[in-house]
Amino acid sequence: MFHFSNIVRTKGDPKILAGGPSLKRPEDRLARALGWFSVGLGVVEFFAPRRVTETLGMEGHETLVRAFGVREILAGIMSLSVEKNAGLWARVGGDGLDAAALLSGLTADNPKKGNIALALLMVGGIAMLDYRAAQDTKPRRPPRDARRKLYPNRSGFPKGIESARTAAKQIAAHATAGRT
Amino acid sequence: MKALVWHGKEDIRCDTVTDPEIQDPRDAIIKVTSCAICGSDLHLFHNYIPGMLPGDIMGHETMGEVVEVGSGVDGKLKKGDRIVVPFTIICGECDQCKRGNFSVCETTNRKSHLAEKAFGHTTAGLFGYTHLTGGYPGGQAEYLRVPFADATHIKVPAGIPDEQLLFLSDIFPTGWQAAVQCDIEPTDTVAIWGCGPVGQMAIRSAILLGANQVIAIDCLPERLSMAEAGGATTINFESESVLERLEELTDGRGPEKCIDCVGMESHVMASLPDTLLDRAKQMVMVESDRPHVLREMIYVCRPGGIISVPGVYSGFSDMLPMGAFMNKGLTMRTGQTHVNRWTDDLLRRIEEGEIDPSFVITHTVPLSQGPEMYQVFRDKRDSCVKVVLKP
Ligand SMILES: [Zn+2]
Ligand SMILES: [Zn+2]
């Protein structure tokens, strides 16, 4: 079986013969996809806000689109990090803001209201994915009030702490005696 | 053989790989009998330290039986010997090794040009710890090639179980060196941040070195209970103010000696705004480390005191209070552990029953369950403190 990573191995070091199972779950992959999507969309919004506003018939709102772009990029980076769960929840919140902004543009005199409806539909779909990914990637740290095993008997000193302390004191006394 | 292989962020797998071979006359191959997951392996699991490549074998706390030796090992090691493998690979001959500064050995890092770029000078080769330190395959595997094996080993006698000896490879001498670096005096209070495995060893070491008072800081009840069992007074930083409690316990003087057993991934908490800022900067890659513990130590340490840092830092830390550090006349000592400088003494202490480092083990599982255990250890599920893997 071919493994790309074997190419960079130093000669003589172990090479992969057969890969074991990965613990990555489908929801981890979904989180990753959403993270990259978020970064991509954010870049478009930040660098080409005019294109976005024109498509939606919402000219004049470029600054808002730029700000939304920054938000998308940050949420995306977070969704790609170890704290993906927080990133995904940030995306869920962001979807709400997106929807609100789009709704405000959905006026009778907007010639592009068809596009806005389409965009709203997309935001709705993505929001559902974001929500699902956020639900499924909840950190598996035990809750604060979870029952925990305690280790009150694990001193590590087979002869007891007091004996360890006494031994240390004797050595210190010796050292002082040696100095004077 | 089976080995735990790094494939990317939060993706470690138990793969089948080719067996290691003797590459150099000074090599030896061991059959691993026990290995462990280290807290510093979690930095790699999170991909916070640059220089890992997919396919790298993890692990730097390993022991086993010698099954093959190269022609250059020169009688220092023979088939059948039982050895613990120090995580720092040492040549035993260079100027630094001769001084006992083993973790900065000048010859064992086979990719020293990378370390020179990153750190200015090379440091020793390490097992299973990024290509900055040689990209050597690690010991969470069935077999391990030990380079420079004539120097890189700790011979251990039969009759003592693996569990008591395994931690001579890293966490025991690491906790010990952290405490020794503090020049502990009988009147000293030693405050220790982090009650993970290294913190637990540092607590016992500080007691054995005669500290008057040892204070341990963490937020997990199981770890605090273990710290207390070892003779420490504990502070839970989630429910108490660390600064206030330390002042209280030292009559307002502050601890003379402070040890950072946390390192670059300090706990992020809304009530500590600097940790949030560090985490945000880390995410957009303008800061690599989160030095909250260093800041707190510098602030709280008694003037003239010593700060000892066994916790791992990888790159750049922002907003260290150098004003306080300088004006208070503090000393900072740090470094990867010079394992073999301490192990003769520590092995004797284990043999004489003065200390039994196996107290820290909470989970023992087959190697094949290693990937799950990385998650359990990271999430602190099931009151996990230290995981030992059996190939
Ligand atoms: Zn370690
Ligand atoms: Zn050397």
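Miscellaneous remarks
- Taken over the range B:33-45, the criterion of being modelled with pLDDT under 95 and within 13 Å of chain A (Cβ to nearest Cβ) is satisfied by B:HIS43 alone.
- The set of residues from the range B:11-32 being surrounded by 18 or more Cβ atoms within 10 Å (Cβ to Cβ), in contact (Cβ under 8 Å) with a residue 24 or more places away in the chain and facing another protein chain (nearest Cβ under 7 Å) comprises B:ARG13, B:CYS14, B:VAL17, B:PRO20.
- All positions within the range B:76-99 that are of a type outside the set (Phe, Trp, Tyr) and under 18 Å from the mean Cα position of the chain (by Cα): B:VAL84, B:VAL85, B:PRO86, B:THR88, B:ILE89, B:ILE90
- Selection status of B:GLU93, within 16 Å of ligand 1 (Cβ to nearest atom), more than 14 Å from chain A (Cβ to nearest Cβ) and of a type in the set (Asp, Glu): no
- Elements of the type helices (runs of 4 or more DSSP H) sitting completely within the range B:282-391 and holding at least 1 residues that are over 30 Å from A:PRO143 (Cα atoms) and of a type in the set (Asp, Glu): these cover B:339-351.
- Filtered by the rule that a residue be within 16 Å of ligand 1 (Cβ to nearest atom) and closer than 19 Å to B:MET264 by Cβ, the range B:202-218 gives a lone residue, B:ALA202.
- Only one entry of A:SER163, A:SER79 meets the criterion of being in contact with a Lys or Arg (Cβ under 7 Å, 6 or more places away or on another chain), within 14 Å of chain B (Cβ to nearest Cβ), part of a helix (DSSP H, G or I) and at negative phi, and that entry is A:SER79.
- Among the residues of the range B:75-96, those identified as within 9 Å of ligand 2 (Cβ to nearest atom), more than 15 Å from B:TYR129 (Cβ to Cβ) and touching a helix residue (DSSP H, G or I) at 6+ places or on another chain (Cβ under 9 Å) are B:CYS91, B:GLY92, B:GLN96.
- Only listed residue being over 16 Å from the mean Cα position of the chain (by Cα), under 21 Å from B:VAL69 (Cα atoms) and either within 16 Å of ligand 1 (Cβ to nearest atom) or not charged (D, E, K, R) (or both), chosen from B:THR122, B:THR108: B:THR108
- Residue list for the range B:133-170, filter: in a helix (DSSP H, G or I), buried (at least 22 other Cβ atoms within 10 Å of the Cβ) and either over 17 Å from the mean Cα position of the chain (by Cα) or within 16 Å of ligand 2 (Cβ to nearest atom) (or both): B:THR133
- Qualifying residue in the range A:140-149 (condition: on the phi > 0 side of the Ramachandran plot, surrounded by 15 or more Cβ atoms within 10 Å (Cβ to Cβ) and either within 14 Å of chain B (Cβ to nearest Cβ) or of a type outside the set (Phe, Trp, Tyr) (or both)): no
- For the condition in contact (Cβ under 8 Å) with a residue 12 or more places away in the chain and either within 16 Å of ligand 2 (Cβ to nearest atom) or closer than 24 Å to B:PRO173 by Cα (or both), B:GLU106 qualifies.
- Any chance B:GLY134 is on the phi > 0 side of the Ramachandran plot and within 16 Å of ligand 1 (Cβ to nearest atom): yes
- Across the range B:197-244, the number of residues qualifying as more than 21 Å from B:LYS380 (Cβ to Cβ) and surrounded by fewer than 19 Cβ atoms within 10 Å (Cβ to Cβ) comes to 6.
- Only a single item in (1) among the small types (Gly, Ala, Ser); (2) free of Cβ contacts under 8 Å to residues at least 60 places away in the same chain; (3) crowded, with 17+ Cβ neighbours inside 10 Å is not met by A:ALA108, and it is number (3).
- The set of residues in the range A:166-180 that are more than 8 Å from every other protein chain (Cβ to nearest Cβ) and in contact with a Gly (Cβ under 7 Å, 6 or more places away or on another chain) is empty.
- Criterion (surrounded by fewer than 20 Cβ atoms within 10 Å (Cβ to Cβ) and acidic (Asp, Glu)) met by exactly one of B:ASP274, B:ASP289: B:ASP274
- Within the range A:120-177, the set of residues being closer than 26 Å to B:GLY196 by Cβ and touching a residue at least 12 places away in the same chain (Cβ under 8 Å) comprises A:THR137, A:LYS138, A:PRO139.
Conditions tested, residue by residue: (1) assigned to a loop (DSSP other than H, G, I, E, B); (2) not assigned by TED's automatic domain parsing to the domain that holds A:ALA127.
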{"site": "A:ILE7", "(1), (2)": "no, yes"}
{"site": "A:THR10", "(1), (2)": "yes, yes"}
{"site": "A:ASP13", "(1), (2)": "yes, yes"}
{"site": "A:ARG29", "(1), (2)": "no, no"}
{"site": "A:GLY35", "(1), (2)": "no, no"}
{"site": "A:PHE46", "(1), (2)": "no, no"}
{"site": "A:VAL52", "(1), (2)": "no, no"}
{"site": "A:THR55", "(1), (2)": "no, no"}
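The values are calculated or read from the model by the stated rules, or taken from the named source; none is laboratory data. Computed from a predicted model, the values in this text were never measured in an experiment. We place every Cβ from the backbone using ideal geometry, glycine too, and count neighbours over all the protein chains shown.
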